[in-house]
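The values are calculated or read from the model by the stated rules, or taken from the named source; none is laboratory data. Here the structure is a predicted model, which means the values were calculated and not measured. Note that we place each Cβ from the backbone using ideal geometry, even for glycine, and neighbour counts take in every protein chain shown. Please note that ligands, DNA and RNA were not included when accessible areas were found on the heavy atoms of the full protein model with its side chains. Shrake-Rupley method; radii C 1.70, N 1.55, O 1.52, S 1.80 Å.
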Amino acid sequence: MSSIRPKPARLRLDQVSYETLRQQILRRDGWRCQSCGTMSNLEVHHKQFRSHSGDDSEQNLITLCTACHANTHLI
């Protein structure tokens, strides 16, 4: 008989804490899209989507421009 394991708890920050982390990620990534290098229209992307149990952690976030961010969601 196999047991069902509960999903691990994921880190989901409140709005103020998330904004602080978002600014930290932008600084870490040098205010550049990590895909194309542009410095405009920047967003912070979850590598593993929240809908797929991705968390709000520094390791799961990356800076992308609006265009590159949209392209990651098409794949």
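Numbers for the structure displayed
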{"quantity": "Of the criteria (1) open to solvent by less than 50 Å² (accessible area, probe 1.4 Å); (2) at pLDDT 95 or above; (3) of a type outside the set (Lys, Arg), which one Tyr18 fails", "calculated": "(2)"}
{"quantity": "Members of region 41-75 found to be at pLDDT below 90 and either hydrophobic (A, V, I, L, M, F, W, C) or crowded, with 18+ Cβ neighbours inside 10 Å (or both), listed by number", "calculated": "Phe49, Asp56, Leu74, Ile75"}
{"quantity": "Filtered residues of region 22-69 (kept if among the aliphatic types (A, V, I, L, M) and over 23 Å from Arg12 (Cβ atoms))", "calculated": "Met39, Ala67"}
